[in-house]
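Participant: Before I ask anything, let me first share the structure, which is written out below as structure tokens.
Read the figures in this text as sums done on the coordinates, not as results from a lab. Predicted, not measured: the structure shown is a model, and the values here were computed from it. Positions of Cβ are backbone-derived with ideal geometry, glycine not excepted, and every protein chain shown enters the neighbour counts.
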Amino acid sequence: MMLKIEKILSPNEVQACRAIVDAGEWVDGNETSGHQSRLAKRNAQLKEGSDAAREAGQLILAALGRSPTFVAAALPLKVFPPLFNRYQGGQAFGNHVDNAMRQLRGSEFRIRSDLSCTLFLEDPENYEGGELVVEDLFGEHRVKLAAGDAVLYSAASIHRVTPVTGGTRTACFFWLQSMVRENEAREQLFRLDRSVQTLSAERGGGDPLVVELTNLYHNLLRRWGDA
Ligand code: NI
């Protein structure tokens, strides 16, 4: 499942976030790469673990935590601290896979990457190229969203960022471990959750059918999920 989540950040929050990251220290993007992706990656990255990365990352994670769509779709258990990257002057990130396991440098914190999330911090009309392209069995999905919008997609995918041939693409990205490991199971839960929300808005939360389906949702989450 690929999911677009609009307006995670307001225009003011995008500005605040950009002010923090633009003033930070940027390094070669390959500092965080695995072996395969190192061959494909050409970009700059806000220094991992820097004050700027931490501050902007917290702002974004707080905003995501307030998004019912994000929470219902991702069912996050552990979130890797957000990273920030920048592409310009023809820079790109060729086809690659994200590491299945991520350990935070200098700590015991480790996650299994189930989902990847990219949050755009520059409006699409301000740069050329720079599409996130995600491949699955149906083909390619091309994503280039408004500043403040995010896309959530399976970390198990092959994906790339096309060359940025004009302007600068700035984005935040991170991985998370979901309470529900299997993408298929998580997607069914998300669909059920959305249906229950709709039904509940129509009939009220105390409606017997709403109660029954809410019970079903939680029993499936109990069966498939880890806490
Ligand atoms: Ni990647």
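Participant: To the nearest 500 deg cm²/dmol, what mean residue ellipticity at 222 nm is calculated for the chain from DSSP H runs of n ≥ 4 alone, each contributing -39,500 (n - 2.57), summed and divided by the residues? Present the calculation step by step, with values, prior to reporting the outcome.
Facilitator: On the way: 6 runs with 78 residues, N = 227.
The per-residue figure over the chain is -11000 deg cm²/dmol.
Participant: On a full-extension model of 0.36 nm per residue, what is the gain between ILE158 and ARG112, subtracting their alpha-carbon distance, rounded to one decimal in nm?
Facilitator: Details: separation 46, 0.36 × 46 = 16.56 nm, distance 1.66 nm.
So the chain would gain 14.9 nm between ILE158 and ARG112.
Participant: Just want to confirm a number: the relative contact order over the chain, from Cα pairs under 8 angstrom separated by 6+ residues, in percent.
Facilitator: 24
Participant: Tell me, what is the FRET efficiency for SER195 and ASN30 to the nearest 0.05, using R0 = 25 angstrom and their Cβ-Cβ distance as r?
Facilitator: 0.05
Participant: What ranking, highest mean first, results for peptides 67-76, 170-179 when packing means the other Cβ atoms within 10 Å averaged over each residue?
Facilitator: So the order, starting with the most tightly packed, is 170-179, 67-76.
Participant: Quick one: if you stick a label point 7 Å off each Cα along the C-beta vector at ALA62 and LYS47, how many nm between them?
Facilitator: So the two model labels end up 2.4 nm from each other.
Participant: Could you give the length gained on full extension between ALA146 and LYS78, defined as 0.36 nm per residue of separation minus the Cα-Cα distance, in nm?
Facilitator: 21.9 nm
Participant: Let me ask something else about it. For the range 69-173, what size does the Cα cloud have along each of its three principal axes, sorted from largest down, in whole Å?
Facilitator: 40, 35, 26
Participant: In a GNM of the chain with a 10 Å cut-off on Cα contacts, which of GLY204, GLY90, GLY29 has the highest mean-square fluctuation?
Facilitator: In the Gaussian network model the winner is GLY204.
Participant: Now for a separate question. Using a 10 angstrom cutoff on alpha carbons, build the Gaussian network for the chain and name the most mobile of LEU59, LEU137, LEU192.
Facilitator: Residue with maximal mean-square fluctuation among LEU59, LEU137, LEU192: LEU137.
Participant: Which one of ASP22, ASP114, ASP149 has the biggest mean-square fluctuation once the chain is modelled by GNM with Cα springs under 10 Å?
Facilitator: Checking each option, the largest mean-square fluctuation is seen for ASP22.
Participant: Which value in Å does the Kirkwood hydrodynamic radius of the chain take, with 1/r averaged over all unlike C-alpha pairs and then inverted?
Facilitator: Its Kirkwood hydrodynamic radius stands at 18.4 Å.
Participant: While we're here: Please report, in debye to the nearest 20, how large the charge dipole of the chain is about its Cα centre when each Lys and Arg carries +1 at its beta carbon and each Asp and Glu carries -1 there. Write out the running numbers ahead of the final one.
Facilitator: Working: 26 positive and 29 negative charges, 88 e Å.
Roughly 420 debye for the chain.
Participant: Once you place label points 7 Å from the Cα toward the Cβ at GLU125 and GLU202, how far apart are they in nm?
Facilitator: A separation of 3.9 nm, rounded to one decimal place.
Participant: What distance in nm lies between label points placed 7 Å from Cα along the C-beta direction at MET2 and VAL211?
Facilitator: Going by the 7 Å Cα→Cβ label model, 4.2 nm.
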